[in-house]
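Worksheet: one structure, shown below.
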Amino acid sequence: VFLNSHFEANPSLGRGSTPHDTAAALGLVYLAKALKEQEMKWQPYLEAAKKNLDKYHLERLYDPSTKLFFQYIYDPQHLHVPNKIATLIQLLIAMASMTNDKRYLDYIQPNADYILELQNKDEMTGGIYQTEKRDRIITFYTARCIPALLEVYNLTKKKKYLEGARAAGKFLVNMR
């Protein structure tokens, strides 16, 4: 994990969590891509992100029984959190694009479907519940899901992801 990346308990010398570890790795992938395009040294950035994704996210946070990702290793409630999963979806797509390793794509749809599963289907809202407890919808967390849903739509062309992003956007406009 990246040092001081644990969401709720910094400093964290070995713990890590989503979304901060995930966002740091995603930033490294984006940086590697930009440096590669400029014909500059990019490999160390991609290697660091790949190590974080493979050794932390895939080996430690992935729950094969549900095909979803936990928010962090020591979560006693074992929650799957949509906005954190959304950042991870973006990382998986970016890594697959940079490495041409299609195995990263295998994790995407079950997690994107989970985000849609937690979207309130009420006509007046499209907000996304924070967890499977379905006890609260947080505006910023709903907003964090939109980019991932759009990326999954662009990847799969399945309209349900576009419709989910659109409903979340309507929720944000209504909340404003």
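Largest to smallest in accessible area, the residues D113, D106, D135, D54 fall in the order D106, D135, D113, D54 (1.4 Å probe, all protein chains included).
Alpha-carbon geometry of the chain: the Rg and the Dmax are 16.1, 50 Å, given in that order.
You can think of it this way: the chain between L162 and Q43 has 39.5 nm of extra reach, that is 0.36 nm per residue less the Cα-Cα gap.
When the chain is treated as a GNM with alpha-carbon contacts under 10 Å, the residue of Q43, Q119, Q130 showing the greatest mean-square fluctuation is Q43. Computed over the chain with a Gaussian network model linking Cα atoms closer than 10 Å, the most mobile of T156, T22, T142 is T156.
Accessible surface comparison of L46, L150, probe 1.4 Å, protein chains only, largest first: the order is L150, L46. Which residue fluctuates most in the GNM of the chain (Cα springs below 10 Å): K84, K158, K50? Comparing K84, K158, K50 in the GNM, the peak value goes to K158.
Return the carbon/sulfur percentage of the accessible area of the stretch 17-134, one whole number, probe 1.4 Å, all protein chains in place. Within the stretch 17-134, the accessible surface is 52 percent carbon and sulfur. Over 18 Å apart at the Cα level, from the set K121/K160; K121/K159; K50/K102; K121/K170; K84/K157; K51/K102, are K84/K157.
The mean sequence separation of alpha-carbon pairs under 8 Å and at least six residues apart, normalised by the residue count of the chain, gives a relative contact order of 16 percent. Can you classify the stretch 105-156 as rounded, prolate or oblate using the Cα gyration tensor, where a ≥ b ≥ c are the square roots of its eigenvalues, rounded means a/c under 1.5, and otherwise it's prolate if a/b beats b/c and oblate if not? Note, shape of the stretch 105-156 comes out prolate.
The values are calculated or read from the model by the stated rules, or taken from the named source; none is laboratory data. Only a predicted model underlies this, so the values are computations on that prediction, with no experimental measurement involved. Accessible surface is based on the protein model in full, side chains and every heavy atom, while ligands, DNA and RNA are left aside. Shrake-Rupley method; radii C 1.70, N 1.55, O 1.52, S 1.80 Å.
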